[in-house]
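Reading through the C-alpha cells given below for one structure.
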C-alpha cells in the first residue's frame with residue numbers, strides 16, 4: 001500500500017509504541033520501491049544497524065521465530081535469509097523501515113561478484129551480500145553494477 005508522507009528514515013525506540021504495526025508494507029509514491037516496517041535486533045555479536053547495510057531475518061539458532069518481522073545485520077544470528085536494506089540507524093530493539101524490493105545502493109561492497117550475479121547472504125559478512133553459489137542459497141538481490149554497490153532487491157514480504 002502507498003503510505004502518504006512515509007518517512008522511511010524515521011525510527012522508533014524500543015521503549016516507545018511502534019508507529020506502525022510490525023510487518024507493515026509500504027511504498028513511497030512513484031518510486032516503485034517497497035519497504036517493510038521491522039524490529040531490529042543487534043544479535044549476539046551486537047552488530048549495530050547502519051543505514052545502507054543489509055539485514056537478514058533474525059534466527060538465533062538457525063531457525064526463524066516465524067513472523068519474519070525481526071531483522072539483524074549479524075549474519076551469525078540468521079538462517080541466511082535476506083530481509084532488506086536498512087533505511088536508517090535503528091537502535092537495538094527499536095523499529096524502522098527496510099527496503100525489500102526495487103533499486104538500492106548498498107553501503108558495503110559485495111563480498112564478491114559481477115554485474116548480473118544473483119546475490120545471497122550465504123558466505124557473506126555482517127551487513128553485506130555475496131554471490132550465490134548453490135541452488136540452496138537464498139537469492140535476495142541481483143547485482144546491477146557490482147563495483148558501485150547497486151542492486152535490484154527481491155526480498156520476501
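Laboratory data are not the source of any read-out in this text; all were calculated from the coordinates shown. A quick note: this is a predicted structure, and the numbers were derived from the prediction, not measured. Cβ sites come from the backbone with ideal geometry, for glycine too, and all protein chains shown count toward neighbours.
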Within region 110-157, residues touching a helix residue (DSSP H, G or I) at 6+ places or on another chain (Cβ under 9 Å) and more than 22 Å from residue 58 (Cα to Cα) come out as 112, 113, 114, 115, 116, 117
Check whether at least one residue in region 40-49 is part of a loop (DSSP other than H, G, I, E, B), over 21 Å from residue 125 (Cβ atoms) and under 13 Å from the mean Cα position of the chain (by Cα), and report yes or no.
-> no
Flag for residue 130 being in contact (Cβ under 8 Å) with a residue 24 or more places away in the chain and over 24 Å from residue 10 (Cα atoms) | no
Please work out which residue is surrounded by the fewest Cβ atoms within 10 Å (Cβ to Cβ), limiting yourself to region 23-37 and to residues that are touching a residue at least 40 places away in the same chain (Cβ under 8 Å) and not in a loop (DSSP other than H, G, I, E, B).
-> 25
